[in-house]
Amino acid sequence: MDDPLALRLASTIRATRAGLTDAFATPEGLTAWVRDQDLSPYLDASRFTADEPVRAEIAELRQAVRALFARAVAPSPLSSADAPNLPPFPEALARVNAAAAPLVRTLEWHDTWQEDARPTVDGDAARLAAALANAAVDFFAGPLPALVQVCPAPRCVLYFIKRHPQQEWCSTRCGNRARAARHYRRQT
Ligand SMILES: [Zn+2]
């Protein structure tokens, strides 16, 4: 099952053997990530190109969304990727709400009834921010935040949705790594 957009956004910070990586570290990185998403009707993602100011704005919005994930797992500890790096919760919530421009729905007639929807903001950056912020509104107002956890595997910093009662880790890979580490600890 595909993860919701809000979780995919949060997961743009992840851990590798080399340390933390941020898909939004460069405008090219943000451009590539956005082009992989379906953000209609907010934005034609396939034609999106980020510059540095847009990168900085979207990375900041992403941190606000990660602050909402941190609240979702509390009182369990937040992702270790963020400890020094998150806006305070009230600020994060206000930031997401400020970006969450609504869609205007219209009904049209082209030989048959059709719905059209347009964002109420102009410009790629504002539309991208609106798409991501609305994804956060949909996610956190729904049933999934109660299932969010931080992956406990060594080095992993991802939030994930616990979809089955037995699921302990974000991925099979993390599960294998965590079991190997446990086994190693028992041997030594
Ligand atoms: Zn993991």
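Since every read-out is calculated from the coordinates, none of them should be taken as a lab result. On a predicted model such as this, the values are computed, not experimentally measured, just so you know. Cβ: placed from backbone, ideal geometry, glycine included. Neighbour counts: every protein chain shown.
A few notes on this one:
- Intensity falloff of region 12-62 expressed as log10 I(q)/I(0), Debye formula with alpha-carbon point scatterers, at q = 0.19, 0.25, 0.32 Å⁻¹: -0.64, -0.97, -1.22
- Average Cα contact separation per residue, region 76-172, under 8 Å, 6 or more apart, as relative contact order %: 22
- Structure remark: mean-square fluctuation, Gaussian network model of the chain, C-alpha springs under 10 Å; the largest value among ARG14, ARG118, ARG173 belongs to ARG173.
- Residue order, fewest to most surrounding Cβ atoms within 10 angstrom, among TYR184, TYR159: TYR184, TYR159
- Hull volume per residue, based on the alpha-carbon atoms of the chain and their convex hull, is 152 Å³.
- Sparse packing (at most 13 other Cβ atoms within 10 Å of the Cβ) combined with a DSSP loop state is found for none of the trypsin sites (Lys or Arg not before Pro) in region 51-113.
- Shown for TRP109, TRP169: other C-beta atoms within 10 Å of each C-beta, ranked fewest to most, produce the order TRP109, TRP169.
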